[in-house]
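The values are calculated or read from the model by the stated rules, or taken from the named source; none is laboratory data. All figures in this text were calculated on a predicted structure; none of them were measured in a lab. Neighbour counts run over all protein chains shown; Cβ positions are idealised from the backbone, glycine included. Note: areas computed on protein heavy atoms with side chains; ligands, DNA, RNA excluded. Shrake-Rupley method; radii C 1.70, N 1.55, O 1.52, S 1.80 Å.
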Amino acid sequence: MTVSTAAASPDQPWRAHYAHPAPWDTIFPPLSVPQMFADCAARFADRPLVDFMGRRFSYADLNGEARAFAAGLQQLGIVKGDRVGLFLPNVPIYLAAYYGAMLAGATVVNFSPLYTATELAAQVADSGTRLLVTVDSSALLPTAVAVQAQSALEWLVVGSLADQLPWAKGLAMRLFARKALSKVPPQALRWDDLLAETAPAPTALDPEEDLALLQYTGGTTGTPKGAMLTHQNITANTRQVEAIDPQQDARDMIVGVLPLFHVFANICVLNRTVAHGGCIAMLPRFDAGQALKTLARVRATSMPGVPTMYQALLDHPDCGKTDFSSLRVCISGGAPLPQPLKQRFEAATGARLIEGYGLTETAGVATANPYEGEERPGTIGQPIPGTRIRLLDKENPTRDAAPGEPGELAIQGPQVMRGYWRRPEAALAAFAERPDGRWLRTGDVAVLEEGGYLRIVDRIKDMIAVGGFKVFPSEVEAVLLRHPAVKEALVIGVPDPYRGEAPRAYVTLQEAATETGETLAKWLNAQLGKHERVDAVVVRESLPKTMIGKLDRKALRAEVGLA
C-alpha cells in the first residue's frame with residue numbers, strides 16, 4: 001500500500017480527527033487474490049494457517065493443496081470466468097478450494113450450508129455454477145446430490161470430513177458417528193482424486209476487472225442478489241482492515257466461528273488473517289461452550305462475531321471460568337452492538353469489543369471504530385482508509401442531506417462491488433451517480449457526528465410511518481435494551497386504523513427476569529416521544545435470526561403475519 005498526501009476537503013470531516021493508525025488517504029494498488037495468497041504462503045510457509053479441532057495445517061500445506069486443486073479444475077475444463085461453488089462449513093478444504101479455484105481463474109460462489117435444496121438450486125442456476133464442492137456430511141451431501149440431479153451442475157466434488165480431523169477424532173467419527181456422514185455417490189468426484197500432481201497453468205488476471213467472488217446478499221430485505229466482487233475488491237478490503245490494526249507485527253490466533261461463506265468472515269477471519277500471517281482456530285458451527293474452550297486452548301487474540309454470539313458467550317456457565325488473558329480485540333458486525341452488551345463483555349474478558357459496519361456490496365468492511373484510542377460506543381466509527389462516505393437526501397438521492405440531518409449513507413472506495421450478477425436494473429438502483437463518480441447507496445439512514453463518527457439510525461425500508469412522522473425502530477430498540485431485564489429486542493410497524501402504523505416491540509428476557517410485556521411497555525413509553533410509543537411489548541422465548549445470528553426483522557414480520 002502507498003500513502004497519498006492529498007489535502008483534506010470540507011466534505012471529509014473525519015480527516016481532522018482521524019483515529020485509525022493508517023492515513024485515511026492510503027492507496028491500495030491492484031492485487032489479485034491468488035497473488036496475495038501466494039505471497040503470504042511464501043512468507044509464512046511454516047506457520048500454522050488453520051487449527052481444526054487440534055489438527056494444524058501450515059501455509060505451505062494449504063498452498064500446495066490449493067495449487068493441486070487449481071490444476072485439477074483446469075484438467076476438468078474449468079476456465080477463466082467459470083463459476084465454482086463452495087457448499088461448505090468451516091473446514092480446512094474451504095481454504096484450498098477458495099484460493100485454488102481463483103488460481104485457476106474461476107469465480108467462487110459461496111453457498112450457505114444451511115440452504116435447502118430449493119434455495120441452493122436457485123442460486124446454482126442463477127450463478128451458472130459448473131462445479132460444486134462439499135463434504136460427506138449428512139447435513140450437506142444429500143442436498144448437493146439432489147441439486148445436481150435437477151440442475152445443470154456438471155460436477156460435484158466431495159471431501160472427507162473425517163480426513164480433516166486429528167487422527168483419533170477422525171477414526172472416532174468413522175466408527176461411532178456414522179450417521180453424521182453420508183455415502184459419496186458414484187457420480188461424484190472425491191476431493192483427493194481431483195487433486196492433480198502437475199502445477200496449474202498460469203492464468204492472467206486483471207484485479208480490477210475480473211471477478212473473484214459472487215457473494216449473494218442475505219435477502220433480509222428482498223430476493224438475494226449476487227454481488228460481483230473483483231479481486232481488487234477483496235484484496236483492497238483485506239488490506240484496509242489490516243491497516244486499521246495498530247499491532248501489525250503481532251501473530252494472530254483468530255477463533256474462526258463466523259461462517260466463511262459470509263462476507264464478514266471472508267474478509268475479517270479468512271483473508272485478513274492470511275495477510276497477517278496468523279492462524280484460524282476453525283469451528284464448523286457456533287456453540288458457545290466449544291467456542292470458549294477453543295478460545296482458551298489456542299490462546300486466541302480475537303474472535304470476530306455478531307452481537308448474539310457475544311451474548312451467548314456471556315450467558316454460558318463456563319464464561320466465568322475461561323482464561324481470556326490472551327484476547328485483545330473482538331470485532332462486532334452484522335447488527336447494532338447494544339451498549340450494555342459491550343460493557344458486560346469488556347468487563348468479563350478484559351478485551352476491547354469494537355463495532356464496525358459493512359455490506360456484502362462493500363466486500364466486507366466500510367467503517368469501524370478504532371482498535372485503540374478514542375472510540376464512540378453506539379456508532380460504527382469512521383471510514384476505514386481509502387473509503388469515502390456521504391449522506392444523501394432520503395427522498396432525493398441526487399442531492400446531499402441537509403447539514404446535521406439524517407441521510408442515506410453512501411460509500412465510495414476500492415472495496416465497492418462492480419454491480420449485481422445478471423441484475424442490471426438492481427445494480428442501477430444501487431448506485432447514485434454524482435459529478436465525482438458512482439456512490440453505493442446502502443439503504444441505511446445515518447447521522448454524521450463530530451469528528452466524522454457515523455451513527456446508523458435505521459434502514460430506509462424499516463422506518464415506520466406513524467401519522468406524518470417517521471419512527472426509527474433501532475432508536476426504540478436502543479431504549480428497550482437499557483432495561484436490565486431485556487436481552488434482545490426488535491421493533492416493527494403494525495397496521496393502525498388511526499395512525500396508519502404503530503410501533504410494536506418484541507423482546508426476549510434475561511435469565512430469571514419476570515417482567516411482563518405490560519410493565520415493559522409502560523416503562524418504555526414513558527421515555528419515548530408520543531409518536532414513538534409502542535402499542536405493545538410482546539415477550540417471546542426467542543426472536544428469529546439470520547444464518548449468522550443477526551436478528552431478522554423480515555422473518556419476524558413473516559412470523560406475525562405481516563410479510
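List of remarks:
- With the biggest extent put first, the Cα atoms of segment 473-557 measure 35, 27, 18 Å across the principal axes.
- Residues I27 and A199, FRET efficiency given R0 of 30 Å [Cβ-Cβ distance, rounded to 0.05]: 0.35
- Each of T143, Q123, A168 was placed along the dipole of segment 114-177 (beta-carbon charges, centred on the mean Cα), and the one lying farthest toward the positive end is A168.
- Relative to the dominant Cα principal axis of the chain, helix 141-150 is inclined by about 90°.
- Sequence-distant contacts, meaning Cα pairs under 8 Å at least 6 residues apart, place the relative contact order of the chain at 12 percent.
- Where both bridge residues fall in the chain, DSSP classifies roughly 60% of the beta bridges as antiparallel.
- Eligible lysines near K545 by straight Cα distance, threshold 29 Å, same-chain separation 8 or greater: K179, K225, K293, K321, K342, K394, K461, K470, K487, K522, K554
- The calculated FRET efficiency for the pair R434 and T508, based on their C-beta separation and a Förster distance of 45 Å, comes to about 0.60.
- Here the spin labels are modelled as points 7 Å beyond Cα on the Cα-Cβ line, and at A42 and A149 they lie 4.8 nm apart.
- Expressed in Å, the radius of gyration and Dmax of the Cα atoms of segment 85-147 are 11.1, 31.
- Measuring how big segment 411-563 is from its alpha-carbon positions, Rg and Dmax come out at 18.1, 57 Å.
- Heavy-atom accessible surface of I244, to the nearest 10 Å², is about 0 Å², with a 1.4 Å probe and all protein chains retained.
- Length gained on full extension, E208 to D287, computed as 0.36 nm times the residue gap minus the Cα-Cα distance: 24.6 nm.
- Residues in segment 191-241 average 38 Å² of solvent-accessible surface per residue, probe 1.4 Å, ligands and nucleic acids excluded.
- Heavy-atom accessible area with a 1.4 Å probe sorts K321, K80, largest first, into K321, K80.
- Magnitude of the charge dipole, the chain, Cβ model with Lys/Arg +1 and Asp/Glu -1, debye to 20: 880
- Were the residues from A526 through S326 laid out at 0.36 nm apart, the gain over their Cα-Cα distance would be 67.7 nm.
- For R533, solvent-accessible area (1.4 Å; no DNA, RNA or ligand), Å²: 100
- Segment S138-D535, extension gain: residue separation times 0.36 nm, minus the distance between their alpha carbons: 138.4 nm
- Comparing Cα centroids, segment 147-173 and segment 14-36 end up 39 angstrom apart.
- Per atom type, segment 129-279 shows carbon and sulfur on 54% of its accessible surface, probed at 1.4 Å.
- Converting the Cα gyration tensor eigenvalues of the chain into ellipsoid dimensions via √(5λ) gives semi-axes, longest first, of 37, 28, 24 Å.
- Solvent-accessible area, 1.4 Å probe, carbon plus sulfur percent, for segment 481-524: 53
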